[in-house]
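Report on the structure given below.
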Amino acid sequence: GAGTYPIWHPPPSITLIPGTRLHVGDIVHASYYVPALIHDGQVMCCMCEPKTYEIVKWEIHQIHTIMHPDGYFMGHHELRSQGYDKSCVDAAGGGKSMHEILADNVHRITQMIKKEDPGKDICTWSDLFDPFHNAKNDGKRYYLVKGTAPWYGAWVGLDPDVIIMNWHGPFDGNGRASIKFFSDQGNRQILSGYYDKPIEPFKPRLEAASHYPGVIGSMYTTWTSNFTLMEDFAQLMNDWKKQPRKSE
C-alpha cells in the first residue's frame, strides 16, 4: 500500500552503458546502501539527510495551514534503524554519535514548529529520551541502530517546554524513576495509559506522579482501537483528581 515498503520486490537491473570497459560475465565489486525494514514494511528516514528536513518543514506547514491545530505531536518513538546510510556515516565521521544525531533532530524539528506556528504546545513520546526505557545505558544494541546504548543522552535535545507523553508504564519497576527524571528536567508530562492493558496497574503511576511537579494529565492510549476500558479509565481519573496532591 501507499507509504509502505514491501520486502519482496524485483531487484534492480544492471546494464552496461556505452563505452564501458566491463563485459558480460566480468566479476565486479559493488558497494551500496540499503534501508533496513523493521517488522511489516517500516522504514525510518535518515535524520542526517537534508531532504528529510525539507519534507518535515513542508508537513508542518501543511498541518498549520490546513488544520490550524491546538498543538503538535512529534513522532519520535521506538526508532529501530539508523546509522548505516551514507549521510549518517558521514556525520559519525565528523564525530556525531547516534544520541547526538537524535538530539539534534528533535531540537531542529521543535524549532521548525515554533517558527511556523509560535506559541503552540509541542509533544513527543518519552521512550527514546528516557534513560530507564529505550535510552538506557545498558551496553546493549537497540534493534538495528548502529552501536550500543545508542539513544542514551538524547534527552539533551529536548527543549524544556516540550511535553513528554510518558508511556513507560509499570512493566519494569522504573515507572516512578521515569516520571521523576522528566520532572527534574523541567518538562511537563502527560501519562499515557499502558495501552490495551487492565487499568489497575495505572493506579501506582498516578500515585507516583503526585509526588513530582509538571504532570499535567493522563491519556487513554490504545494501539488496537480498544476503547472498552475508556469509561473505567475516566472514572479512575475523576477519583484521582479528588485526592489531595502531594509534593516531594
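The values are calculated or read from the model by the stated rules, or taken from the named source; none is laboratory data. Quick caveat, the model's predicted, so the values are computed rather than measured. Ideal geometry is used to build each Cβ from the backbone, glycine not excepted, and the neighbour counts take in all protein chains shown. The accessibility values were calculated without ligands, DNA or RNA, using every heavy atom of the protein model including side chains. Shrake-Rupley method; radii C 1.70, N 1.55, O 1.52, S 1.80 Å.
Taking Pro118 as meeting all but one of (1) within 23 Å of Gln189 (Cβ to Cβ); (2) assigned to a helix (DSSP H, G or I); (3) more than 17 Å from the chain's Cα centre (by Cα), write down the number of the exception.
(2)
Keeping to the range 83-99, report how many residues are surrounded by 12 or more Cβ atoms within 10 Å (Cβ to Cβ), of a type outside the set (D, E, K, R) and under 15 Å from Tyr33 (Cβ atoms).
Count: 7.
Which numbered condition trips up Ser81, out of (1) within 13 Å of the chain's Cα centre (by Cα); (2) hydroxyl-bearing (Ser, Thr, Tyr); (3) modelled with pLDDT of 95 or more?
Failed condition: (3).
Determine, yes or no, whether Tyr53 is touching a helix residue (DSSP H, G or I) at 6+ places or on another chain (Cβ under 8 Å) and open to solvent by 100 Å² or more (accessible area, probe 1.4 Å).
The answer is no for Tyr53.
Got at least one residue in the range 79-87 being assigned to a loop (DSSP other than H, G, I, E, B), in contact with a Ser or Thr (Cβ under 8 Å, 6 or more places away or on another chain) and within 30 Å of Asp121 (Cα to Cα)?
The answer is no, given that none of the residues of the range 79-87 is assigned to a loop (DSSP other than H, G, I, E, B), in contact with a Ser or Thr (Cβ under 8 Å, 6 or more places away or on another chain) and within 30 Å of Asp121 (Cα to Cα).
Which of the strands (runs of 3 or more DSSP E) contained wholly in the range 129-248 include at least 1 residues that are open to solvent by 60 Å² or more (accessible area, probe 1.4 Å)? Explain how you work it out, then say what you get.
Details: elements: 163-166, 189-192, 215-219.
By residue number, 215-219.
Somewhere in the range 35-54, is a residue within 30 Å of Glu78 (Cβ to Cβ), touching a strand residue (DSSP E or B) at 6+ places or on another chain (Cβ under 7 Å) and small (Gly, Ala, Ser)?
yes
Starting from residues that are assigned to a helix (DSSP H, G or I) and open to solvent by less than 40 Å² (accessible area, probe 1.4 Å), keep the ones in the range 56-71 and report whichever is farthest from Pro118 (Cα to Cα). Please lay out each step first, then the result.
In the first step, residues of the range 56-71 are kept if they are assigned to a helix (DSSP H, G or I); the result is 56-67.
Okay, now just the ones that are also open to solvent by less than 40 Å² (accessible area, probe 1.4 Å), so 56, 60.
On the way: Val56: 16, Ile60: 12 Å.
Per the criteria, the residue is Val56.
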